[in-house]
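Worksheet: one structure, shown below.
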Amino acid sequence: MPTYTINANTWSFDDTGTGTPIVLVHGFPLDRRVWAQVVPRLAKQRVIAVDLPGFGQSTLAKPFTIASLAVDLHQLLAHLRALPAFVGGLSMGGYVSLAFAKQFAGDMRGLILVDTKAAGDSAEAKAGRVAMAALVREKGSAAVTEQMLPKMLGAGALPTRPALARQLTQMMEACPAPTIAAACLAMKDRDDFTALLPELKMPVLIVVGETDAITPPAMAAAMRAAITGAKLAVIPAAGHLAPIEQPQLVGQAMAQFV
Ligand code: MLT
């Protein structure tokens, strides 16, 4: 598995296939394995799935912001000669993708926003981030997993898809506490990208699980309405983690788009 060090943080990633580069950024507190079943559906393309610093197999030495992650991702892609690329992300990865679009639109072929939103955090959400950072420092990743898990998968999926629930629990619990705390603070202070949406001139695909409880279809529809020409794919029988709940449908939507 290749790695590349940028500003003291070492990024791990998979880089497979040839053709138009598609870059995929995972959500919180997850890692690049969320794309494992999506990537085979993009077999005609070059797919680069990254672990953000501190997540998965990447290491965290220096704290980050959502904007700095986009800058470092751009440096990684330049190093890999993978620009211009489609850049896409799930939830927190969508925030990074939006930050990328804000700074490096000229190096993008398109933007893919999966189960994510453009708006910044409300005052209440910011307070929740601070509380979660404190919780993980005090009680560890399992406490955060316990708090988040019920909202992650689609309606009814936790009891009916035990293997998926187990896989997700393991991924979340494996996320180191310092990474979770750093990500909470980075998300709290991220830009509000709402004003960016009408400025986007590139092709945009928005994907949302039909029962996404964290970034619901209404938010996805509002983003679509704000971006001229954006396409929207609503994924049936999926919640906030459509790429692991319905990888075939998500892969299909992405393959058609690119
Ligand atoms: C995610 O799935 O990445 C998170 O739910 C994003 C967030 O907490 O805003």
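Throughout, read-outs are computed from the coordinates displayed, never taken from laboratory work. This one's a predicted model, so the numbers in the text were calculated from it and none came from an experiment. Every residue, glycine as well, gets a Cβ built from its backbone with ideal geometry; the counts of neighbours run over all protein chains shown.
Considering only lysines 8 or more places apart in sequence, or on different chains, count the pairs in the stretch 6-148 whose C-alpha atoms sit under 27 Å apart. Lysine pair count for the stretch 6-148: 8. Apply the a/c threshold of 1.5 to the C-alpha gyration tensor of the chain and tell me whether it is rounded, prolate or oblate. It is rounded, given that a/c, with a ≥ b ≥ c, falls under 1.5.
Here the stretch 169-216 is assigned +1 on the Cβ of each Lys and Arg and -1 on the Cβ of each Asp and Glu. Its dipole about the Cα centre then comes out at about 120 debye. Within the same chain, aspartates and glutamates fewer than 8 places from Lys151 are excluded, and of the rest, those with a Cα less than 17 Å from its Cα are Asp115, Glu173, Glu210, Asp212, Glu245. One compactness figure for the stretch 102-151 is 1.61, namely its Cα radius of gyration divided by 2.2 N^0.38 Å. Its Cα gyration tensor gives the stretch 135-258 an equivalent ellipsoid, and the semi-axes of that ellipsoid, as √(5λ) in whole Å with the largest first, are 28, 20, 12.
Only DSSP H runs of four or more residues enter the estimate; each adds -39500 (n - 2.57), and after division by the residues of the chain the mean residue ellipticity at 222 nm equals -13000 deg cm²/dmol. Charges were assigned to the Cβ only: +1 to each Lys and Arg, -1 to each Asp and Glu. The resulting dipole of the chain about its Cα centre is roughly 320 debye.
Residue order for His79, His74, His26, fewest other beta carbons within 10 angstrom first, comes to His79, His74, His26. Within the stretch 47-105, the ratio Rg/Rh, alpha carbon atoms throughout and Rh by Kirkwood, equals 0.93. Note on the chain: GNM, Cα springs under 10 Å; of Gly19, Gly120, Gly56, the largest mean-square fluctuation is that of Gly19.
A straight Cα-to-Cα reach below 16 Å connects Lys201 with the aspartates and glutamates Asp107, residues fewer than 8 places away in its own chain not being considered. For the stretch 56-129 versus the stretch 203-258, the inter-centroid distance based on Cα atoms is 17 Å.
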